[in-house]
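Report on one structure; see the data block that follows.
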Protein chains: 2
Amino acid sequence: MSGEGEGSGPGRRPATERGRATKRALLEAGEKLFGRVGYHETSVADLTREADVGHGTFYLYFEGKKELFRDLIRHLSHELRSTIARAVEGIEDRFEVERVGFETFFRFALEHRDLYTVVHQAGAVDPELSRWYYRRLGEGYTEGLAEAAREGQIRDLDPETMAYCLAGMGHMMGMRWVLWEGEAPPASWMEDFMELLRHGLAPSPGPEAGR
Amino acid sequence: MSGEGEGSGPGRRPATERGRATKRALLEAGEKLFGRVGYHETSVADLTREADVGHGTFYLYFEGKKELFRDLIRHLSHELRSTIARAVEGIEDRFEVERVGFETFFRFALEHRDLYTVVHQAGAVDPELSRWYYRRLGEGYTEGLAEAAREGQIRDLDPETMAYCLAGMGHMMGMRWVLWEGEAPPASWMEDFMELLRHGLAPSPGPEAGR
């Protein structure tokens, strides 16, 4: 599974634009039905009906429901990571990267309202895939924090530890606001979160401070 | 559902010790099978076989599989909260409360290896129950942080925001270590996490500092 997971985009890419649109419609149907009805309560017939695609056509793109689920998780992971990467591109200040990165994550989760429910089900449907999803996010995050620490922008703490701590804060704020209330965390939450982060991650004062 | 969820312990408490043991065995069977096989792939017959309990006996305690699932989530919530409350009782320093509280959470998750998978499935099986589980944890946490802020032990940030941020860090560190590796986060992770917390939450220096 981990080898399979490594390819970050969806598995087989159809050759034609029409094929890509059909595959995209099936993935969107999966995102909606797995999120709102549940993976187990959703059949291939439900997916083709929702996507308005013939039953036989489904099998041109996926071996079955589970393969569509796996492709969907990989697709969401890829979309989320590339959306955040584009949003923070060119920003030098690490705290600004964090602020924009989190705001982008919350917007993404608002546009993909079933993200949490779909990803959480992966833990039972395919534990390795669930692990791959979080690890893949964690790796990129760790690299970014390691670089900021090397540049002296943030305190010299283990970047992987910080990556999981920061991702956890975003995860839980997103659950509290996006999943439960259908809106991004209010400005006051973002301010207090950023204050926690600034003080928590600011480089220690000392001879090397202010680099 | 929220009214149902409010009672924090399991629903109907059997009158006899033998009844309580039978109910406990069924809840433990649910925790194991829902976690390792999955809620949907587990039948009442699987649960009674695992618990070594007669099929008819099951219905003395639960209306069906879903009621057992709900009782299990409430039971885990109650156990987790009371285990942490006992562990931190009498500790005055808020940062020590955090350290001991998180260590206790990781130990609890190690002893309940299926906690994550079971709770994550609640998002699809019963979204209101999932929300209740996290809200109930968040409420107690918020109260504790509000009190520490009033005492001047921590920075004056919105306690609910801090509660979700801190819970998120514990959630993700527990996923990374307890769920994936079967062990508590290593000492170096705890140290860096506590350093992030101490700096992030330390009261601002100023006239009111050092109260």
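The values are calculated or read from the model by the stated rules, or taken from the named source; none is laboratory data. Computed from a prediction, not measured in an experiment: that's the story for all the values here. Positions of Cβ are generated from backbone atoms using ideal geometry, with glycine treated the same way; all protein chains shown enter the neighbour counts.
Annotations for the structure displayed:
- Filter pass, A:GLU128 being within 11 Å of chain B (Cβ to nearest Cβ), acidic (Asp, Glu) and assigned to a helix (DSSP H, G or I): yes
- Comparison of B:LEU68, B:LEU60 shows that the only residue that is of a type outside the set (Phe, Trp, Tyr) and surrounded by 19 or more Cβ atoms within 10 Å (Cβ to Cβ) is B:LEU68.
- Test: residue in region A:166-180 that is over 18 Å from B:TYR134 (Cβ atoms) and at pLDDT 95 or above: yes
- Yes/no for A:LEU72 being under 29 Å from B:THR42 (Cβ atoms) and in contact (Cβ under 8 Å) with a residue 24 or more places away in the chain: yes
- The single residue among B:ARG107, B:ARG99, B:ARG135 that is among the basic types (Lys, Arg), within 13 Å of the chain's Cα centre (by Cα) and more than 9 Å from chain A (Cβ to nearest Cβ) turns out to be B:ARG107.
- Residue check for A:ASP93: out of contact with any strand residue (DSSP E or B) (no Cβ under 7 Å at 6 or more places or on another chain), surrounded by fewer than 19 Cβ atoms within 10 Å (Cβ to Cβ), modelled with pLDDT of 95 or more and of a type outside the set (Ser, Thr, Tyr): yes
- Test: residue in region B:105-114 that is within 30 Å of A:GLU191 (Cα to Cα) and either modelled with pLDDT under 95 or in a helix (DSSP H, G or I) (or both): yes
- Scanning region A:24-41 for residues that are under 19 Å from A:LEU60 (Cβ atoms) and in contact (Cβ under 8 Å) with a residue 12 or more places away in the chain gives A:ALA25, A:LEU26, A:LEU27, A:GLU28, A:ALA29, A:GLY30.
- Pair list, Cβ under 9 Å, 6 or more apart: region B:132-160 residue at positive phi, other residue of a type outside the set (D, E, K, R): B:GLY152/B:PRO203; B:GLY152/B:ALA209; B:GLY152/B:GLY210
- Checklist (1) within 27 Å of B:GLU111 (Cα to Cα); (2) within 11 Å of chain A (Cβ to nearest Cβ) applied to B:SER204, failing item: (1)
- Residues in region B:10-63 that are within 14 Å of chain A (Cβ to nearest Cβ) and not acidic (Asp, Glu): B:GLY30, B:LYS32, B:LEU33, B:PHE34, B:GLY35, B:ARG36, B:VAL37, B:GLY38, B:TYR39, B:HIS40, B:THR42, B:SER43.
- First in region B:96-125 and on the phi < 0 side of the Ramachandran plot, second anywhere and among the small types (Gly, Ala, Ser) and outside any helix (DSSP H, G or I), Cβ under 6 Å, 6 or more apart: B:PHE106/B:ALA184; B:ALA124/A:GLY38
Residue by residue, here is whether (1) crowded, with 19+ Cβ neighbours inside 10 Å; (2) more than 7 Å from chain A (Cβ to nearest Cβ); (3) assigned to a loop (DSSP other than H, G, I, E, B); (4) of a type in the set (Ser, Thr, Tyr) holds:
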position: B:ALA148; (1), (2), (3), (4): yes, yes, no, no
position: B:ASP156; (1), (2), (3), (4): no, yes, yes, no
position: B:ALA167; (1), (2), (3), (4): yes, no, no, no
position: B:MET173; (1), (2), (3), (4): yes, no, no, no
position: B:ARG176; (1), (2), (3), (4): yes, no, no, no
position: B:GLU183; (1), (2), (3), (4): no, yes, yes, no
position: B:SER188; (1), (2), (3), (4): no, no, no, yes
position: B:MET194; (1), (2), (3), (4): no, yes, no, no
